[in-house]
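Trainee: Sharing a structure, written as structure tokens. Questions coming.
The values are calculated or read from the model by the stated rules, or taken from the named source; none is laboratory data. Owing to the predicted nature of the structure, the values given are computational and were not obtained by experimental measurement. Cβ coordinates were reconstructed from backbone atoms using ideal geometry, including for glycine residues, and neighbour counts include every protein chain displayed.
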Amino acid sequence: MKFQLKLPNVKNSIFAVMSQKANEFGAVNLSQGFPDFDADPKLIDLVTYYMKKGCNQYAPMPGVPALRQAIVKKHQAHQDVEYDVNTEITVTAGATQAIATAIAATVCPGDEVIVFEPTYDAYVPLIELQGGISVPIELKAPDFKPDWADVKNAISPKTKAIIINSPHNPCGSVLDSSDLQELANILKNTKVLIISDEVYEHIVFDEKPHVSISSNRELRKRSFVISSFGKTLHTTGWKVGYCLAPEVLTNEFRKAHQFIVYSVNTPMQYAIADYLQDSTAYERVSSFYEEKRNLTLKLLKKSSLKPLHTSGTYFQLVDYSHTNFENGIEITNYLVKEKSLSLIPLEPFYQKYEAPKLIRICFAKKDKTLKKGLKSLNAF
């Protein structure tokens, strides 16, 4: 049976592809962004406790009140910004669902959405599913910071939203207050919305703070601020995230949310709410991953592949431009087959611009995993 395809050019995610190749060739998997270590046993015990307590039926559509309160408290402590627990926060089945829901709730056929390349691979297909048009703007190596003049020039009467990602996957760059003010000045007299992907909010290095879009008054009123506990609590498989937004935007968000997932895993919501009462649950994450980043840099010293600076996330980019490999697909295929190491090329993060000769390493792994995997790169 033939029918019109909505995403005819979309293939399997590069993360799934490289993880499959890692399994096929018995390679160390430093490609897909998930930890190979367990979450805190206290958190696991809390999930078990709430399961046994009988918290196994539908949660309220916006999320368990205790978790929403914990999120509001956490956000206020770190950003000095308070959201209403009843009308401005929704618990979601991970950050990607939240992004998909924000797009579904706001983007109409023909609307333009500005994205920054390299672009996390979910953004563009989610825009196209709603009939929207992505408008890429290049983040140039090595710092991968936006040129705000390019953003201003890209805005048109059709622009519905801008998707921001900070800390940025795959580049590890972060936005600061001056970046946010530049964006606020550009958007001040427009109706352009912001979808801000902040899932790595608690993984920022070198004593720099994470500066949320919500911390800027002009931007907050037009923004969906999205995050996830998967990265913060080492529980990517639980798929528990959230969306903070002004009441008018939250109302539209929930209209779509209720028909996409309705509600999110109940015992895990209660467990996370309890776990967050101790702020060290998330405050120690940056230093934990900064040690992983530093170990990665140390292990790369004997390799001729040049690491770029990583300010946040748990990803490290390395430059292979001095090698004979033509592109990232070629070098990562070689590494997984011949060196038993699975990494991510940057080509799938681009649709308009040419990818620089960089590949991505995930360092959210045990030290012994990093040592075993990165040993393969010392031959370069």
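Trainee: Any idea which of GLY63, GLY94 is small (Gly, Ala, Ser), assigned by TED's automatic domain parsing to the domain that holds ASP274, over 20 Å from the mean Cα position of the chain (by Cα) and crowded, with 21+ Cβ neighbours inside 10 Å?
Mentor: Details: GLY94 fails: over 20 Å from the mean Cα position of the chain (by Cα).
When all the criteria are applied, what remains is GLY63.
Trainee: Residue by residue through the stretch 311-322, note down the ones that are out of contact with any helix residue (DSSP H, G or I) (no Cβ under 6 Å at 6 or more places or on another chain) and either on the phi > 0 side of the Ramachandran plot or of a type outside the set (A, V, I, L, M, F, W, C) (or both). First the steps, then the outcome.
Mentor: So the first thing to find is which residues in the stretch 311-322 are out of contact with any helix residue (DSSP H, G or I) (no Cβ under 6 Å at 6 or more places or on another chain), and the list is 311-313, 315, 317-319, 321-322.
SER311, GLY312, THR313, ASP319, SER321, HIS322 - these are the residues of the stretch 311-322 that are out of contact with any helix residue (DSSP H, G or I) (no Cβ under 6 Å at 6 or more places or on another chain) and either on the phi > 0 side of the Ramachandran plot or of a type outside the set (A, V, I, L, M, F, W, C) (or both).
Trainee: To continue, here is another question. If GLY33 passes every condition in (1) modelled with pLDDT of 95 or more; (2) part of a loop (DSSP other than H, G, I, E, B); (3) in contact with a strand residue (DSSP E or B) (Cβ under 7 Å, 6 or more places away or on another chain) but one, which one does it miss?
Mentor: So the condition that GLY33 fails would be (1).
Trainee: Next question. Taking into account only those residues within the stretch 221-235 that are hydrophobic (A, V, I, L, M, F, W, C) and in a strand (DSSP E or B), which is nearest to PRO35 (Cα to Cα)? It would help to see each step written out before you state the result.
Mentor: Within the stretch 221-235, the first condition is being hydrophobic (A, V, I, L, M, F, W, C), and the residues that meet it are 224-226, 229, 233.
Going one step further and asking which of them are in a strand (DSSP E or B), we end up with 224-226.
Details: PHE224: 27, VAL225: 24, ILE226: 21 Å.
Ranking the qualifying residues of the stretch 221-235, first place goes to ILE226.
Trainee: Taking the stretch 162-189 as the region of interest, how many residues are of a type in the set (A, V, I, L, M) and part of a strand (DSSP E or B)? Give the derivation first.
Mentor: Taking the stretch 162-189 as the starting set, the residues that turn out to be of a type in the set (A, V, I, L, M) are 162-164, 174-175, 180, 183-184, 186-187.
Still in the list and also part of a strand (DSSP E or B): 162-164.
Here the count works out to 3.
Trainee: Could you name every one of the helices (runs of 4 or more DSSP H) located completely within the stretch 261-321 that has at least 3 residues being in contact (Cβ under 8 Å) with a residue 24 or more places away in the chain and more than 24 Å from PRO62 (Cβ to Cβ)? Break it down into steps so the answer makes sense when it comes.
Mentor: Numbers: elements: 266-275, 280-283, 285-299.
Here the list reads 285-299.
Trainee: Taking the stretch 145-163 only, how many residues are out of contact with any Phe, Trp or Tyr (no Cβ under 8 Å at 6 or more places or on another chain) and either of a type in the set (Ser, Thr, Tyr) or buried (at least 23 other Cβ atoms within 10 Å of the Cβ) (or both)?
Mentor: As a first pass, look at the stretch 145-163 and keep what is out of contact with any Phe, Trp or Tyr (no Cβ under 8 Å at 6 or more places or on another chain): 145, 147-162.
Okay, now just the ones that are also either of a type in the set (Ser, Thr, Tyr) or buried (at least 23 other Cβ atoms within 10 Å of the Cβ) (or both), so 156, 159, 161-162.
Of the residues in the stretch 145-163, 4 are out of contact with any Phe, Trp or Tyr (no Cβ under 8 Å at 6 or more places or on another chain) and either of a type in the set (Ser, Thr, Tyr) or buried (at least 23 other Cβ atoms within 10 Å of the Cβ) (or both).
Trainee: Return yes when LYS337 is in contact with a Lys or Arg (Cβ under 9 Å, 6 or more places away or on another chain) and either of a type outside the set (D, E, K, R) or assigned to a helix (DSSP H, G or I) (or both) and no when it is not. It would help to see each step written out before you state the result.
Mentor: Details: in contact with a Lys or Arg (Cβ under 9 Å, 6 or more places away or on another chain): yes; either of a type outside the set (D, E, K, R) or assigned to a helix (DSSP H, G or I) (or both): yes.
Spelling it out, LYS337 is indeed in contact with a Lys or Arg (Cβ under 9 Å, 6 or more places away or on another chain) and either of a type outside the set (D, E, K, R) or assigned to a helix (DSSP H, G or I) (or both).
Trainee: Here's something else I'd like to know. Is the stretch 278-287 home to any residue that is among the aromatic types (Phe, Trp, Tyr) and at pLDDT 95 or above?
Mentor: Applying the first criterion (among the aromatic types (Phe, Trp, Tyr)) to the stretch 278-287 yields 282.
Filter once more, so that each one left must be at pLDDT 95 or above: none.
No, the stretch 278-287 has no match at all.
Rundown of residues vs (1) touching a Phe, Trp or Tyr at 6+ places or on another chain (Cβ under 8 Å); (2) over 23 Å from GLN269 (Cα atoms); (3) not in a loop (DSSP other than H, G, I, E, B), yes/no style:
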{"site": "LYS191", "(1), (2), (3)": "no, yes, no"}
{"site": "TYR200", "(1), (2), (3)": "yes, no, no"}
{"site": "ASP206", "(1), (2), (3)": "no, yes, no"}
{"site": "LEU219", "(1), (2), (3)": "no, yes, yes"}
{"site": "GLY237", "(1), (2), (3)": "yes, no, yes"}
{"site": "CYS243", "(1), (2), (3)": "yes, no, yes"}
{"site": "VAL248", "(1), (2), (3)": "no, yes, yes"}
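Trainee: Taking the stretch 340-356, which residues are of a type outside the set (Phe, Trp, Tyr) and part of a helix (DSSP H, G or I)? Don't jump to the end; show me each part of the working.
Mentor: Start the filter on the stretch 340-356 by keeping residues that are of a type outside the set (Phe, Trp, Tyr), which leaves 340-348, 351-352, 354-356.
Within the stretch 340-356, GLU347, PRO348 qualify.
Trainee: Just for the stretch 187-204: of the residues that are of a type outside the set (A, V, I, L, M) and under 16 Å from the mean Cα position of the chain (by Cα), which one is nearest to THR159 (Cα to Cα)?
Mentor: That would be SER196.
Trainee: Looking only at residues that are surrounded by fewer than 18 Cβ atoms within 10 Å (Cβ to Cβ) and in contact (Cβ under 8 Å) with a residue 12 or more places away in the chain in the stretch 334-346, which one is nearest to the chain's Cα centre (by Cα)?
Mentor: Of the residues in the stretch 334-346, the ones surrounded by fewer than 18 Cβ atoms within 10 Å (Cβ to Cβ) are 334, 337-338, 340.
Cutting the leftovers down to in contact (Cβ under 8 Å) with a residue 12 or more places away in the chain gives us 337, 340.
On the way: LYS337: 28, SER340: 27 Å.
Selected residue: SER340.
Trainee: Going residue by residue through the stretch 208-215, is there one that turns out to be under 29 Å from THR235 (Cβ atoms), touching a residue at least 12 places away in the same chain (Cβ under 8 Å), under 15 Å from the mean Cα position of the chain (by Cα) and part of a helix (DSSP H, G or I)?
Mentor: Among the residues of the stretch 208-215, at least one is under 29 Å from THR235 (Cβ atoms), touching a residue at least 12 places away in the same chain (Cβ under 8 Å), under 15 Å from the mean Cα position of the chain (by Cα) and part of a helix (DSSP H, G or I), which makes the answer yes.
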